[in-house]
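For reference, the structure discussed in these notes is given below.
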Amino acid sequence: MAAMTKVQLEDLRAALERGAPQFGPRLARLAAERGLAVTKKDDGSTKPIPITATPMVIDASELSRRQRLAALLASAGLKMSRAVLGGLRREVVFNGLSPLEQTLAEATFRTVDTLVTTRVDFFVGDTVNALELNATIPAMQAYSDIAADTFLEVVGHHLGATALQLASWQQRNGSNSRALFDALLAGYRKFRPGRTPNRIALLSRRNDAQLTEQRALCAKFNAFGIPSEVVHPDQLSGEDRVTANGHDFDLVYRHLFVRRLEETDLVGAEYVKALLAEPNGTRAVVLNPPASQVEVKAVFGLLSEAVDDPALRAAAGLSEEEVEAIRSSVPWTRLFRGDARLKEALNNPDRYVLKRSWDYGGRAVFVGKTRNEPSFGDRVKAAYGEALDWQGVCERAIRDEVGGGFVVQRLVEIAPERHLICSADAQSWADLYVDFSTYASVGLPEGPAQPAWGGVCRGSISHIVNIVGGGGVLPLLTSEVAAELWKLVGATRV
């Protein structure tokens with residue numbers, strides 16, 4: 001159908017705002033019960049992830065366009081990482097990896113050509129801007145489904161929808177959990193032709209921050225017909241097969257950062273190290289295989305640089321379509337090295353962001369424009385143990401070699417959006433910076449049964465959007481489904 005008009009969207013939003021005091025508490029409680037929560041490492045207790053009563057709405061055609069962008073950027077990132085570790089500016093990526101990551105990358109990077117799930121994080125302003133690529137454990141497939149499905153169910157009931165309507169909306173809105181399941185099966189069959197896995201292990205550490213999401217994924221996979229369960233390194237054994245809790249697993253979905261295996265108190269780490277060293281070996285197929293080198297932000301910087309350097313893009317083997325995707329969506333990003341880069345960043349703090357090349361969770365990301373805000377100072381102290389102004393941060397970052405140093409990226413300007421956040425007790429308005437993340441697969445066999453990936457939207461009061469760091473999830477609806485909700489509102493303006 002045609003895209004929803006601005007007036008229709010405003011009508012829908014107004015109705016949701018009016019109804020939120022009635023449906024908001026149930027929305028928050030039910031989403032948390034279904035797994036929209038963060039698990040605390042120390043005691044395993046959970047904290048609900050905020051969910052909004054104000055969804056994000058996107059046309060199917062635009063979602064498809066962003067999904068294609070994400071697929072091209074992920075493919076280009078895999079190619080660039082392989083070229084770099086193969087000798088093209090090798091130290092830029094290799095030196096930033098941990099010792100175990102280096103060992104596994106050296107053993108597998110030449111043969112890794114399949115990433116069943118990746119995620120590109122975008123900021124959407126006047127254009128769609130890709131901030132970074134996630135290829136190690138690009139999570140939130142279940143979180144996104146929980147948020148959207150629960151929103152449709154609770155709001156639909158509030159508006160008088162029938163059970164048949166609710167089921168239809170949820171089906172047509174799509175499922176990233178289903179896409180992940182389909183991608184895992186396609187990846188498995190690539191390495192075990194003609195076969196289907198008998199049992200899937202979702203491998204994570206105990207009390208992983210996203211444990212409730214992993215359990216939700218396993219529940220979905222079980223419903224889709226493949227027995228699945230969350231397992232931890234200390235539960236694994238088996239010489240010629242992977243065994244845990246009395247079951248054999250022939251497909252292992254890895255939700256575990258490689259560097260976690262270097263922690264001295266992680267029981268079972270040695271077994272997992274051996275398993276990851278042969279991701280498609282005799283014991284089990286491991287998806288995604290170790291791929292830290294793909295997610296390193298220096299690779300993203302080299303993709304940006306390749307737009308202006310024909311020799312670099314040729315060395316990486318980038319296609320014309322990949323180069324055009326980079327040109328159209330990746331903001332200027334470079335390695336933060338040299339006097340010229342330092343001078344430019346010092347003189348123009350409002351224009352740039354510094355990011356540690358290999359890190360996760362947004363811990364070492366410094367947005368120049370926020371240099372006078374408390375959150376900036378908190379991040380600086382967490383990274384360097386002392387208070388530093390923008391000049392001090394730049395001067396430290398350009399000498400800092402941890403994680404391969406830093407990249408500098410042009411700031412993508414977006415305005416905070418007003419959203420209504422729901423909790424079990426109340427609703428509150430907040431101005432949120434919202435990102436739009438899109439999933440994609442790389443290297444799966446071509447054919448009609450490609451995973452039907454979608455996206456997920458996160459919101460935060462900070463420029464740096466991160467769920468574990470306190471962000472929330474916004475239900476993402478296609479305009480087709482949102483229009484059905486609007487019809488129930490009984491809007492008369494068109």
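The values are calculated or read from the model by the stated rules, or taken from the named source; none is laboratory data. These numbers come from a predicted model, not from an experiment. Neighbour counts run over all protein chains shown; Cβ positions are idealised from the backbone, glycine included.
Answer with yes or no whether LEU180 is in a helix (DSSP H, G or I) and either modelled with pLDDT under 95 or surrounded by 21 or more Cβ atoms within 10 Å (Cβ to Cβ) (or both).
Yes, satisfied.
At least 1 residues being of a type in the set (Lys, Arg) and in contact with a strand residue (DSSP E or B) (Cβ under 6 Å, 6 or more places away or on another chain) is the threshold, and among the strands (runs of 3 or more DSSP E) wholly inside segment 52-169 those reaching it are 115-124. Of the set (1) without any contact (Cβ under 8 Å) to a residue 60 or more places away in the chain; (2) among the small types (Gly, Ala, Ser); (3) crowded, with 21+ Cβ neighbours inside 10 Å, all apply to ALA14 but (3).
Confirm whether ASP11 is farther than 30 Å from ALA216 by Cβ, acidic (Asp, Glu), modelled with pLDDT under 95 and over 19 Å from the mean Cα position of the chain (by Cα). So ASP11 passes the test.
Let's see how each residue does on (1) assigned to a helix (DSSP H, G or I); (2) among the acidic types (Asp, Glu); (3) at pLDDT 95 or above; (4) farther than 28 Å from THR127 by Cα:
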| residue | (1), (2), (3), (4) |
| --- | --- |
| ALA325 | yes, no, yes, no |
| LEU342 | yes, no, yes, no |
| ALA383 | yes, no, no, yes |
| ARG396 | yes, no, yes, yes |
| ILE414 | no, no, no, no |
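Suppose the filter is in contact (Cβ under 8 Å) with a residue 60 or more places away in the chain and crowded, with 16+ Cβ neighbours inside 10 Å; does LEU388 pass it? Here the answer is no, as LEU388 does not meet what is asked. Kindly establish whether ALA315 is among the aliphatic types (A, V, I, L, M), in a helix (DSSP H, G or I) and without any contact (Cβ under 8 Å) to a residue 24 or more places away in the chain. Answer is no for this residue. Only one of the listed residues (THR136, THR117, THR111) is at pLDDT 95 or above and either among the hydroxyl-bearing types (Ser, Thr, Tyr) or over 19 Å from ALA71 (Cβ atoms) (or both). That residue is THR117. For segment 375-382, state whether one or more residues are surrounded by fewer than 21 Cβ atoms within 10 Å (Cβ to Cβ), more than 23 Å from the chain's Cα centre (by Cα) and of a type outside the set (Gly, Ala, Ser). The answer is yes; a qualifying residue exists. Determine whether segment 261-284 contains at least one residue that is modelled with pLDDT of 95 or more, outside any helix (DSSP H, G or I) and surrounded by 23 or more Cβ atoms within 10 Å (Cβ to Cβ). Yes, because at least one residue in segment 261-284 is modelled with pLDDT of 95 or more, outside any helix (DSSP H, G or I) and surrounded by 23 or more Cβ atoms within 10 Å (Cβ to Cβ). State which residue is surrounded by the most Cβ atoms within 10 Å (Cβ to Cβ) when the search covers only segment 422-462 and only residues that are of a type in the set (S, T, N, Q) and part of a strand (DSSP E or B). In this case the residue turns out to be THR438.
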